[in-house]
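One structure is given here, and the rest of the page talks about it.
The values are calculated or read from the model by the stated rules, or taken from the named source; none is laboratory data. Note that the coordinates shown come from a computational prediction; the quantities given were computed from them, not determined experimentally. Don't worry about glycine lacking a Cβ; one is built from the backbone with ideal geometry, like all the others, and counts go over all protein chains shown.
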Amino acid sequence: MRGFLYGIALQWKLDMRSKSLLVACYIVPLIFFLLMGGIFTSVMPEMENTLIQSMIVMSVSMGAFIGMPPSLIETYGSDIKKMYKANGVPVYLGLITTLVSAFLHLLLTGIAIVMLAPILFDATLPSDLPAFFLALAIYILVSLSIGSVLGLTIKSQAKLTMVAQLVFLPSIMLSGILFPGSLLPDGLEKIGRVFPAPWGFQLMLNHGFCYDNLRYMALLFILAVIVCGIAVKKQAKN
């Protein structure tokens, strides 16, 4: 247990030195929140009720799909994996420590948005904070599981950047957080629901924590865990 906690602390320090993770998990999401929060609430005053959820979906998606996967490539595509094998450390530990560290980073960003949005933009706090934070934790975990698939299955940083953008942009543009999904053509709305963003958004809304919004996210998580398990086994053999 002590070794596991040490691994998480070490990964946390490595992540704090990672420019890609800092930019994707903190700098860009918070700047987007500060700039666009006032614009959204001025143009669409009713968005005060969903501003927190919308900004968190954007922040989590960016951190999970763009910020975290490069850390996995650095872990499994460098001498770190060799050090794991040489010292008898399970190869999957790199994935777990990266997941836990990224989870904490994204959770901190979410907490910052929850605290600042009512002060800066008169945003409405969720009526049931425990259910909201549980929904937030689930959404972060599901998004990170998909980000883990990207980081474990794509070997090139250049390809990862391109694929991550192909996952991130549709998940935001078609999720309904920037404008109601009903304004989209039926085909695009259905494509958007393939990604976890619209489900996480609905899950975090007041009275949105229900089975209908959880079941697809659970399916995505299970599939991602299976793919990650296969990928980690291949890493252990190589």
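Before moving on, here are some points about what is shown:
- ILE73 being within 15 Å of HIS105 (Cα to Cα), surrounded by 12 or more Cβ atoms within 10 Å (Cβ to Cβ) and at pLDDT 80 or above: no
- With respect to the conditions (1) surrounded by fewer than 20 Cβ atoms within 10 Å (Cβ to Cβ); (2) in contact (Cβ under 8 Å) with a residue 24 or more places away in the chain; (3) in contact with a Gly (Cβ under 6 Å, 6 or more places away or on another chain), GLU189 falls short on a single one, namely (2).
- In a residue-by-residue description of region 139-155, the property of being under 26 Å from SER101 (Cα atoms), free of Cβ contacts under 8 Å to residues at least 24 places away in the same chain and of a type in the set (A, V, I, L, M, F, W, C) applies to no position.
- Residues of region 162-175 that turn out to be surrounded by fewer than 18 Cβ atoms within 10 Å (Cβ to Cβ) and touching a residue at least 60 places away in the same chain (Cβ under 8 Å), as a count: 1
The rows are residues; the columns are (1) at pLDDT 85 or above; (2) closer than 23 Å to VAL149 by Cβ.
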position: PRO170; (1), (2): yes, yes
position: ILE177; (1), (2): no, yes
position: GLY200; (1), (2): yes, yes
position: HIS207; (1), (2): yes, no
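- Residue check, LEU21 under 14 Å from the mean Cα position of the chain (by Cα), modelled with pLDDT under 90 and of a type outside the set (S, T, N, Q): yes
- When SER59 is tested against the conditions (1) surrounded by fewer than 16 Cβ atoms within 10 Å (Cβ to Cβ); (2) of a type outside the set (A, V, I, L, M, F, W, C); (3) modelled with pLDDT of 75 or more, the lone failure is (1).
- Matching entry among LEU107, LEU125, LEU116, LEU120 (being surrounded by fewer than 22 Cβ atoms within 10 Å (Cβ to Cβ), modelled with pLDDT of 90 or more and assigned to a loop (DSSP other than H, G, I, E, B)): LEU125
- Region 203-213: number of residues that are surrounded by fewer than 18 Cβ atoms within 10 Å (Cβ to Cβ) and either within 16 Å of the chain's Cα centre (by Cα) or of a type in the set (S, T, N, Q) (or both): 1
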